[in-house]
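Here the structure comes first, spelled out in structure tokens, and everything after it is commentary.
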Amino acid sequence: TVHNNNNRKNNKNNSKNKNKNAPAEDSSFILVEGVSKKGRKPPSVAWLKKKVLKIAKVDLHQITSIIFPSPESIPGNLAARIQMTSPAKAAEAVKRINGTDIDGEISAKSLNTHVCRIIVRNLSWKANEKVIKRRFGEVGEVVEVTLPKRKDGKKSGFAFVKFKNLQDAQQAIASLNGRMLVNREIVVDWALSKKHYDHLKMKTAEVMKRKAEEGEDDDDDDDD
């Protein structure tokens, strides 16, 4: 019996490790990081295609959506979310980008479908999943609507809406942020985990501090 229990524990641990190391659930999505955009013109999708994706020989015809700069971006270090036509094409794109020397900093990795998830804040207590899905479904195909609840069982006043496509998620943010839903003005943005949000906030603060220090050094040089 002890032997069987040990086997069960080992199988459970192996299963946990497999899940932890499992690839993204839908690797049609990738993240490109470390993009440095110089010059006066603001970063654009056309610039990313020309200066990064074409150099890495990524098949542009196999791209369905690009969000650039994406929410993972920080000052001086931009990122892009890209949706490919299939997991195979996404894996190929990651391999090509990581195998090409582009400014020595740019890298790519696969993402799961949470990249198509947005957060809707300031919701009316009367707003339910059906109402939210109907409104956001006007923009694109909604895969899932989640209404988190507090410990007492009451609604938290916000919801997560997951789309099938990146482009639809971005369009929902652009077209529905600040609009009325069940007599309340809603706030719509990309959904980021607290850990991810805190990491980006810290990195952004580090960059801004470094820029400020560099500016002080320049002022000191002027005084000489």
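The values are calculated or read from the model by the stated rules, or taken from the named source; none is laboratory data. Note that this is a predicted model, so its numbers are computed, not measured. Please note: Cβ atoms are built from the backbone with ideal geometry, for glycine as well, and neighbour counts cover all protein chains shown. Note: areas computed on protein heavy atoms with side chains; ligands, DNA, RNA excluded. Shrake-Rupley method; radii C 1.70, N 1.55, O 1.52, S 1.80 Å.
Provide the packing ranking of 122-135, 153-166, i.e. peptides ordered by the mean count of other C-beta atoms within 10 Å per residue, highest first.
153-166, 122-135
Let me check something: with ligands and nucleic acids excluded, how do ASP101, ASP59, ASP152 order by accessible area (1.4 Å probe), largest to smallest?
ASP101, ASP152, ASP59
Name the residue from ILE97, GLN171, PHE158 whose Cα lies farthest towards the positive end of the charge dipole of the range 83-202, charges +1 on Cβ of Lys and Arg and -1 on Cβ of Asp and Glu.
PHE158
Convert each backbone phi in the range 123-139 into a coupling constant with the Karplus relation 6.51 cos²θ - 1.76 cosθ + 1.60 (shift: θ = phi - 60°), then list the ³J(HN,Hα) values in order as whole Hz, x for Gly and Pro.
Going residue by residue, I get 6, 5, 5, 7, 6, 10, 4, 5, 5, 5, 5, 5, 5, 6, x, 5, 8 Hz, with x marking Gly and Pro.
Under a 1.4 angstrom probe, counting protein chains only, how are HIS114, HIS61 ranked by accessible area, largest first?
Result of the area sort, largest leading: HIS61, HIS114.
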